[in-house]
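The values are calculated or read from the model by the stated rules, or taken from the named source; none is laboratory data. On a predicted model such as this, the values are computed, not experimentally measured, just so you know. No Cβ is skipped: glycine too gets one built from the backbone with ideal geometry, and neighbour counts run over all protein chains shown. All accessible areas refer to the heavy atoms of the entire protein, side chains included, with ligands and DNA or RNA removed. Shrake-Rupley method; radii C 1.70, N 1.55, O 1.52, S 1.80 Å.
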Amino acid sequence: MIPQIEELLQSVKQQQDEQKRIAGRFWRPDKDLEDLVFTTTAGRPFSLSKANVEIKKVLQQIREKGIDIPDITPHTCRKLFASRGFEKGIPPKVMQQFLGHSSI
């Protein structure tokens with residue numbers, strides 16, 4: 001992991017810790033999903049529509065800086081992860097498991 005990503009994730013974790021403190025007893029993550037990095041203010045996983053909204057906000061900020069960037073969806077990120085993983089030598093069977101596919 002590159003240092004910039006580690007710093008970003010640590011910042012997100014600090015923000016999440018503050019959200020937990022503020023939410024108190026209303027912080028209710030789903031069972032077995034208590035350690036997600038990106039959550040709602042109640043500790044639950046983002047829905048696909050929420051993820052799309054957040055990605056669009058980031059894309060808008062990038063475009064406001066004059067950078068031409070195509071639309072991106074969560075599925076785009078998933079495909080990019082798989083492509084880069086294969087480029088780095090992750091075996092297909094391992095990638096299958098990462099992605100939760102029943103077959104290669």
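Between Gln60 and Val94, take the C-beta separation as r, use R0 = 30 Å, and let me know the FRET efficiency to the nearest 0.05. Rounded to the nearest 0.05, the efficiency is 0.25. Straight-line cross-link reach from Lys57 at under 15 Å between alpha-carbon atoms covers these aspartates and glutamates, not counting any fewer than eight positions away in the same chain: Asp68, Asp71.
Per residue, the accessible area of segment 1-99 comes to 81 Å² when a 1.4 Å probe rolls over the protein heavy atoms. Exposed loop sites here are trypsin sites (Lys or Arg not before Pro) assigned a DSSP state other than H, G, I, E or B and surrounded by at most 10 other beta carbons within 10 Å; excluding them, the longest clear run of the chain is 32-64.
Between Asp71, Asp32, Asp17, where does the largest GNM mean-square fluctuation fall for the chain, given springs only between Cα atoms within less than 10 Å? Comparing Asp71, Asp32, Asp17 in the GNM, the peak value goes to Asp32.
Counting only protein heavy atoms and a probe of 1.4 Å, the accessible surface of segment 50-93 is 60% carbon and sulfur. Label-to-label distance for Glu34 and Ser83 is 3.8 nm, based on points extended 7 Å past Cα in the beta-carbon direction. Computed from the C-beta positions of His75 and Ser49 and an R0 of 22 Å, the FRET efficiency is 0.95 to the nearest 0.05. Here the relative contact order of the chain, from alpha carbon pairs under 8 Å that lie six or more residues apart, stands at 14 percent. Its DSSP H runs of at least 4 residues, each contributing -39,500 (n - 2.57), put the calculated 222 nm mean residue ellipticity of the chain at -19000 deg cm²/dmol, to the nearest 500.
Normalised by 2.2 N^0.38 Å, with N the number of residues, the alpha-carbon radius of gyration of segment 45-104 equals 1.40. Taking a quarter of the surface of the Cα convex hull of the chain gives a mean projected area of 8.8 nm².
Extending 7 Å from the Cα toward the beta-carbon at both Thr41 and Ile104 defines two label points whose distance is 4.7 nm.
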